[in-house]
Amino acid sequence: MHNWLNRLERRLYKYNIPPIMRYIVFAMGGVFLLDLFLGMTTAYTARVSLISYLTLNIPAVLQGQIWRLVTWLFVPQQGSIFWMALSLYFYYMIGTALENRWGVRRFLIYYVIGALANVAGAFIAHLLTGYGIGLNTYLYYSLFIAFAALYPDMQFMLFFCLPVKAKWLAAIDLLYFLIAIIAGPAQIRCAAIASLVNVALFFGEDIYKMARIQYAQWKRRRMFRQ
């Protein structure tokens, strides 16, 4: 699998691809501010929700709103301005760290695979339920899983006071995925599974090899105790 990714990455070297995470973050911030501005209602105007026209809604896509196949990637997390600024900084930090470690082309492959898998998952949810939506939340969670796989011992200040390593936060992240897959509705379940496709393609082989090594060591210890 890694050979396939390497070949795909080499094909992209003929293109001058800039770091994309900064543009993604700027676009999300711009959408948040525009939606905030349009949401300022008066006695004579009704609230206009920009985000409602950008989300990945498969029935709307099938009616001709094809821009949603791309714009859903730039829909920001809902919340206060402080929470929005914090989440954008977090996305920027982990995204640029991955770009610096992998290079912009491999990061682009990881991101695009996750995005395409989510679009496919939304179509599958539409076939199952008649109403398919796509969420970028799990896609960006998958970026953190990749970050934690490459920088497992980097510490984050949880609640601004508790130092927690990235690998433990990624474990919580994966638990969140598991709960969504087991107990979530079809749309959430498809989005969660789709967002793990890029993780499996990039890290599945390494995880399998590590699991085999751990299993072999466990068998040796068990035989030694016997």
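Based on this model, can you work out whether ALA180 counts as surrounded by 15 or more Cβ atoms within 10 Å (Cβ to Cβ), among the hydrophobic types (A, V, I, L, M, F, W, C) and either at pLDDT 90 or above or farther than 26 Å from ARG101 by Cα (or both)?
Details: surrounded by 15 or more Cβ atoms within 10 Å (Cβ to Cβ): yes; among the hydrophobic types (A, V, I, L, M, F, W, C): yes; either at pLDDT 90 or above or farther than 26 Å from ARG101 by Cα (or both): yes.
So ALA180 fits the description; yes.
Would you say THR129 is within 30 Å of LEU62 (Cβ to Cβ) and either among the hydrophobic types (A, V, I, L, M, F, W, C) or open to solvent by 60 Å² or more (accessible area, probe 1.4 Å) (or both)? Judged against the criteria, THR129 is a match. Select from the stretch 48-70 the residues that are under 21 Å from the mean Cα position of the chain (by Cα) and in contact (Cβ under 8 Å) with a residue 40 or more places away in the chain and list them in ascending order. Result: THR55, LEU56, ASN57, ILE58, LEU69. Just wondering, is there one or more residues in the stretch 88-98 that are touching a residue at least 12 places away in the same chain (Cβ under 8 Å), under 29 Å from TYR151 (Cα atoms) and either basic (Lys, Arg) or not in a helix (DSSP H, G or I) (or both)? No: zero hits. For the stretch 151-162, the criterion of being touching an Asp or Glu at 6+ places or on another chain (Cβ under 7 Å) and more than 30 Å from ILE17 (Cα to Cα) is satisfied by no residue at all. Exactly one of these conditions fails for SER80: (1) out of contact with any helix residue (DSSP H, G or I) (no Cβ under 7 Å at 6 or more places or on another chain); (2) touching a residue at least 60 places away in the same chain (Cβ under 8 Å); (3) not basic (Lys, Arg). Give me its number. Of the numbered conditions (1) out of contact with any helix residue (DSSP H, G or I) (no Cβ under 7 Å at 6 or more places or on another chain); (2) touching a residue at least 60 places away in the same chain (Cβ under 8 Å); (3) not basic (Lys, Arg), the odd one out for SER80 is (2). Among the residues making up the stretch 1-46, those that are outside any loop (DSSP other than H, G, I, E, B), at pLDDT below 85 and β-branched (Val, Ile, Thr) are THR42, THR45. Applying the set (1) free of Cβ contacts under 8 Å to residues at least 24 places away in the same chain; (2) over 20 Å from TYR91 (Cα atoms); (3) surrounded by 15 or more Cβ atoms within 10 Å (Cβ to Cβ); (4) not aromatic (Phe, Trp, Tyr) to ALA166 leaves exactly one unmet item: (2).
Counting only residues that are closer than 24 Å to PHE203 by Cβ and in contact (Cβ under 8 Å) with a residue 40 or more places away in the chain, the stretch 1-24 holds 12 of them.
Hey, among PHE107, PHE82, which residue is assigned to a helix (DSSP H, G or I) and open to solvent by 60 Å² or more (accessible area, probe 1.4 Å)?
On the way: PHE107 fails: open to solvent by 60 Å² or more (accessible area, probe 1.4 Å).
Unique residue meeting the criteria: PHE82.
Restricting PHE160, PHE224 to residues that are open to solvent by 30 Å² or more (accessible area, probe 1.4 Å), on the phi > 0 side of the Ramachandran plot and of a type outside the set (Lys, Arg) narrows the list to PHE160.
The values are calculated or read from the model by the stated rules, or taken from the named source; none is laboratory data. Remember, predicted model here, so these are calculated numbers, not experimental data. Glycine gets a Cβ as well: all are built from the backbone with ideal geometry, and neighbour counts include every protein chain shown. Note: accessible area is taken over every heavy atom of the protein model, side chains too, but ligands, DNA and RNA are not part of it. Shrake-Rupley method; radii C 1.70, N 1.55, O 1.52, S 1.80 Å.
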